[in-house]
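Each remark here refers to the structure printed beneath this line.
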Amino acid sequence: MSDREAMEFDVVVVGAGPAGLSAAIRLKQLAPDAAVCVVEKAGEVGAHILSGAVIEPRALEELLPNWRELDAPIHTEASEDQFVFLTKRTAWKSPVLPPQMNNHGNYIVSLGDVTRWLGRQAEALGVEIYPGFSAAELLIEGERVVGVATGDMGVTREGEHGPNYASGMELRAAYTLFGEGCRGSLSKQLMQRFDLRRGVDPQTYGLGIKELWEIPRANHKPGFIMHTVGWPADRNTYAGSWLYHFGDGLVSFGYVVGLDYPNPWLSPFDEMQRLKTHPHMRRHFEGGRRISYGARALSEGGFQSIPKLTFPGGALVGDSAGFLNLPKIKGTHCAMKSGMLAAEAAAEALSADRTAELTAYTAKVKSSWLYPELKHGRNLRPAFAKFGLYGFMAYSGLDTFVLRGRAPWTFHHKHSDHEGLQKASVAKKIEYPKPDGKLTFDRLSSVFISNTNHEENQPVHLRLRDPGRWLGVNWEEYRSPESRYCPAGVYEAVGVEEGHPRLQINAQNCVHCKTCDIKDPTQNIDWSAPEGGGGPAYPGGM
């Protein structure tokens with residue numbers, strides 16, 4: 001028996017993101033007397049939330065139809081859409097916009113601010129929210145999940161109890177919903193423990209890197225939306241950018257690189273910086289200043305990569321399960337809807353025997369608008385791997401305008417992202433220009449404005465399963481790709497000039513994007529939640 005203090009709830013939700021908070025709100029709407037708890041690793045709700053973001057309000061309208069009267073921070077309606085193909089020196093604006101990229105009726109928002117607002121709505125209904133506490137351990141009795149335990153606080157780097165030590169707490173529940181976001185550490189354990197990925201495609205991921213800019217009001221066009229593909233990525237790398245004007249002189253700029261890219265010399269961060277130097281992009285930043293930065297991975301596999309959603313005692317919601325519509329470049333409405341449907345299944349189970357698996361959740365997903373929406377877009381992401389950029393663009397036209405997502409075939413993701421990395425000796429080396437500090441920047445100055453902080457004397461939350469593997473594999477074969485794919489400068493190959501290379505892990509820089517957990521060529525890196533409250537602290541507007 002554990003000597004940790006325990007609290008009992010009807011439902012525990014892991015993660016105060018759009019999916020988790022939507023689940024909590026729907027539960028309290030359906031079962032006002034239910035005891036519902038949300039645990040969140042960020043120091044405050046919304047502090048770890050990062051997205052473009054253009055949101056489709058469909059799920060929000062269903063969850064809180066009076067959201068406008070509740071003063072939701074959703075104000076900038078989409079007004080203009082552009083889709084641009086870039087070469088090194090030119091830009092070609094598509095005369096035809098794919099229908100799934102038509103944002104009429106959608107809104108450009110700070111998803112962090114929307115999430116903070118959702119948290120207030122949940123608390124007004126009686127949901128207990130505990131920010132600053134990481135869900136670090138699954139509680140399993142028999143073959144049933146019975147809750148989670150939060151991580152111990154005040155543990156030193158050596159694993160000893162420091163002067164401010166406090167043991168974690170057990171949060172027990174009839175049902176636990178996991179909305180940790182992409183590649184959550186507990187969700188990963190659940191998939192392995194309950195074999196939730198059997199019979200589905202491997203998940204494929206993207207790394208999204210974002211900058212928030214403030215530009216002169218004379219250059220600001222609220223509601224303007226632009227997406228680009230092409231340069232600086234090559235034709236075999238799935239990548240593209242977004243640029244959104246919203247709020248009071250704010251521009252959200254970001255770059256997403258599919259993590260199935262083959263070249264170990266590629267640096268998604270430096271690709272993003274280089275993109276800003278293109279004449280068509282540079283003009284959007286003139287006279288402006290960068291005010292915030294962040295990064296996170298996103299699940300791109302779509303319909304054919306969604307795992308089994310339920311297990312004894314709980315379910316996966318949101319990006320933990322991969323609910324993202326990549327052709328739309330949107331996931332918030334999908335995440336919210338999945339949380340609502342899981343909550344409806346949980347409310348029904350709570351009023352019955354409280355032990356049945358939440359299989360009704362899966363049935364509800366299949367009978368909702370979420371299922372056909374994801375199914376119709378299922379072939380576009382794997383089509384890129386199959387045909388490359390130009391073939392992908394041609395196929396997208398066929399799938400979208402002719403077949404309308406109803407192709408009688410399904411393309412598949414054939415391998416995990418880490419399996420396609422080429423050896424450094426055969427891949428084309430990429431030289432990136434030095435940053436100028438005005439338009440382009442380095443990693444450390446970027447991490448600084450993400451407000452990232454970790455207690456320095458805590459255990460390192462990035463672990464090598466086999467430390468000896470780094471030199472012979474990561475260095476000798478791939479020349480330390482983690483030093484390039486990490487957008488925060490966490491990983492450094494030091495001692496190279498002296499002829500004794502070794503890996504240095506600067507865990508305090510980590511922005512919790514989870515890319516290292518995904519892309520390491522032998523899956524030797526495990527990301528786990530650090531002490532609660534650590535990580536980035538994205539400000540309002542981000």
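It is to be established whether one or more residues within region 115-123 are over 22 Å from LEU324 (Cβ atoms), surrounded by fewer than 23 Cβ atoms within 10 Å (Cβ to Cβ), more than 25 Å from the chain's Cα centre (by Cα) and free of Cβ contacts under 8 Å to residues at least 12 places away in the same chain. The answer is no, given that none of the residues of region 115-123 is over 22 Å from LEU324 (Cβ atoms), surrounded by fewer than 23 Cβ atoms within 10 Å (Cβ to Cβ), more than 25 Å from the chain's Cα centre (by Cα) and free of Cβ contacts under 8 Å to residues at least 12 places away in the same chain.
Scanning region 419-447 for residues that are part of a helix (DSSP H, G or I), in contact (Cβ under 8 Å) with a residue 24 or more places away in the chain and over 30 Å from ARG378 (Cα atoms) turns up ARG443, LEU444, SER446, VAL447. Among the conditions (1) open to solvent by less than 20 Å² (accessible area, probe 1.4 Å); (2) small (Gly, Ala, Ser); (3) touching a helix residue (DSSP H, G or I) at 6+ places or on another chain (Cβ under 9 Å), the only one that ALA42 does not satisfy is (3). Here ALA360 does not fit the description of being small (Gly, Ala, Ser), farther than 28 Å from GLN192 by Cα and either in a loop (DSSP other than H, G, I, E, B) or free of Cβ contacts under 8 Å to residues at least 40 places away in the same chain (or both).
Run down ALA295, ALA343, ALA383, ALA394 and say which single residue is small (Gly, Ala, Ser) and closer than 24 Å to ALA24 by Cα.
On the way: ALA295 fails: closer than 24 Å to ALA24 by Cα; ALA383 fails: closer than 24 Å to ALA24 by Cα; ALA394 fails: closer than 24 Å to ALA24 by Cα.
That would be ALA343, the only listed residue that is small (Gly, Ala, Ser) and closer than 24 Å to ALA24 by Cα.
Checked against the criterion of being more than 19 Å from ASN325 (Cβ to Cβ), open to solvent by less than 10 Å² (accessible area, probe 1.4 Å) and assigned to a helix (DSSP H, G or I), region 277-293 has at least one qualifying residue. Of the residues making up region 41-59, those that are within 15 Å of GLU123 (Cα to Cα) and touching a Ser or Thr at 6+ places or on another chain (Cβ under 9 Å) are VAL45, GLY46. Answer yes or no: is there a residue in region 519-536 that is in a loop (DSSP other than H, G, I, E, B), without any contact (Cβ under 8 Å) to a residue 60 or more places away in the chain, touching a helix residue (DSSP H, G or I) at 6+ places or on another chain (Cβ under 8 Å) and among the hydroxyl-bearing types (Ser, Thr, Tyr). No - not one qualifying residue is present in region 519-536. Only one entry of TYR371, TYR395, TYR390 meets the criterion of being aromatic (Phe, Trp, Tyr) and touching a residue at least 24 places away in the same chain (Cβ under 8 Å), and that entry is TYR390. In this structure, does ALA342 turn out to be modelled with pLDDT of 95 or more, of a type in the set (A, V, I, L, M, F, W, C), open to solvent by less than 10 Å² (accessible area, probe 1.4 Å) and in contact with a strand residue (DSSP E or B) (Cβ under 6 Å, 6 or more places away or on another chain)? When the stated conditions are applied, ALA342 passes them. If we scan region 369-386, do we find a residue that is over 25 Å from ASN236 (Cβ atoms), in contact with a Ser or Thr (Cβ under 9 Å, 6 or more places away or on another chain), open to solvent by less than 40 Å² (accessible area, probe 1.4 Å) and not in a loop (DSSP other than H, G, I, E, B)? Checking region 369-386: at least one residue is over 25 Å from ASN236 (Cβ atoms), in contact with a Ser or Thr (Cβ under 9 Å, 6 or more places away or on another chain), open to solvent by less than 40 Å² (accessible area, probe 1.4 Å) and not in a loop (DSSP other than H, G, I, E, B). Which of the residues belonging to region 238-272 are open to solvent by less than 10 Å² (accessible area, probe 1.4 Å), not hydrophobic (A, V, I, L, M, F, W, C) and not in a strand (DSSP E or B)? Residues satisfying the conditions are GLY249, TYR261, PRO264, SER267, PRO268, GLU271. Among the residues of region 29-65, none is identified as in contact with an Asp or Glu (Cβ under 7 Å, 6 or more places away or on another chain) and charged (D, E, K, R). Just one of the listed residues (PHE303, PHE311) is in contact with a strand residue (DSSP E or B) (Cβ under 8 Å, 6 or more places away or on another chain) and farther than 24 Å from HIS512 by Cβ, and it is PHE311. Residues in region 458-474: is at least one touching a residue at least 24 places away in the same chain (Cβ under 8 Å), aliphatic (A, V, I, L, M), outside any strand (DSSP E or B) and within 18 Å of SER267 (Cβ to Cβ)? Looking through region 458-474, none of the residues is touching a residue at least 24 places away in the same chain (Cβ under 8 Å), aliphatic (A, V, I, L, M), outside any strand (DSSP E or B) and within 18 Å of SER267 (Cβ to Cβ).
Would you mention how many residues in region 57-100 are small (Gly, Ala, Ser), touching a Gly at 6+ places or on another chain (Cβ under 7 Å) and surrounded by 19 or more Cβ atoms within 10 Å (Cβ to Cβ)? Break it down into steps so the answer makes sense when it comes.
So in region 57-100, the residues small (Gly, Ala, Ser) come out as 59, 72, 78-79, 91, 94.
Now drop any that are not touching a Gly at 6+ places or on another chain (Cβ under 7 Å), which leaves 78-79.
From what's left, surrounded by 19 or more Cβ atoms within 10 Å (Cβ to Cβ): 78.
The number of residues fulfilling the criteria is 1.
Any residue at all in region 408-418 that is surrounded by 11 or more Cβ atoms within 10 Å (Cβ to Cβ), modelled with pLDDT of 95 or more and in a helix (DSSP H, G or I)? Within region 408-418 (the criterion being surrounded by 11 or more Cβ atoms within 10 Å (Cβ to Cβ), modelled with pLDDT of 95 or more and in a helix (DSSP H, G or I)), the answer is yes, since at least one residue qualifies.
Would you be able to say whether some residue in region 393-400 is surrounded by 12 or more Cβ atoms within 10 Å (Cβ to Cβ), in a loop (DSSP other than H, G, I, E, B) and either at negative phi or out of contact with any Phe, Trp or Tyr (no Cβ under 9 Å at 6 or more places or on another chain) (or both)? No, region 393-400 has no match at all.
Take the conditions open to solvent by 60 Å² or more (accessible area, probe 1.4 Å), closer than 30 Å to TYR107 by Cα and touching a residue at least 60 places away in the same chain (Cβ under 8 Å) and apply them to ASN451. Does it pass? Considered against the rule, which asks whether it is open to solvent by 60 Å² or more (accessible area, probe 1.4 Å), closer than 30 Å to TYR107 by Cα and touching a residue at least 60 places away in the same chain (Cβ under 8 Å), ASN451 comes out as yes.
Which numbered condition trips up ALA488, out of (1) hydrophobic (A, V, I, L, M, F, W, C); (2) touching a residue at least 24 places away in the same chain (Cβ under 8 Å); (3) open to solvent by 40 Å² or more (accessible area, probe 1.4 Å)? ALA488 satisfies every listed condition except (3).
How do the strands (runs of 3 or more DSSP E) wholly within region 149-196 filter down when requiring 3 or more residues that are open to solvent by 40 Å² or more (accessible area, probe 1.4 Å) and within 19 Å of GLY533 (Cβ to Cβ): which remain? Please lay out each step first, then the result.
Numbers: elements: 153-155, 161-166, 170-178.
Correct list: 161-166.
Given the condition over 23 Å from LEU64 (Cα atoms), out of contact with any helix residue (DSSP H, G or I) (no Cβ under 6 Å at 6 or more places or on another chain) and aromatic (Phe, Trp, Tyr), answer yes or no: does some residue in region 172-179 qualify? So far as region 172-179 goes, no, none of its residues is over 23 Å from LEU64 (Cα atoms), out of contact with any helix residue (DSSP H, G or I) (no Cβ under 6 Å at 6 or more places or on another chain) and aromatic (Phe, Trp, Tyr). Hey, any hits in region 212-226 for a residue that's assigned to a strand (DSSP E or B) and closer than 28 Å to LYS428 by Cα? Within region 212-226, none of the residues are assigned to a strand (DSSP E or B) and closer than 28 Å to LYS428 by Cα.
List every residue pair whose Cβ atoms sit under 8 Å apart, with the two residues 6 or more apart in sequence or on different chains, where the first one lies in region 300-313 and is acidic (Asp, Glu) and the second, anywhere, is assigned to a helix (DSSP H, G or I) and crowded, with 24+ Cβ neighbours inside 10 Å. Listed pairs, sorted by first residue: GLU300/ARG381.
The values are calculated or read from the model by the stated rules, or taken from the named source; none is laboratory data. In this text, all values refer to a predicted model and were calculated from it rather than measured experimentally. Here the Cβ is made from the backbone with ideal geometry for all residues, glycine too, and neighbour counts use every protein chain on show. We work out accessible area using only protein heavy atoms, side chains counted, and drop any ligands, DNA or RNA first. Shrake-Rupley method; radii C 1.70, N 1.55, O 1.52, S 1.80 Å.
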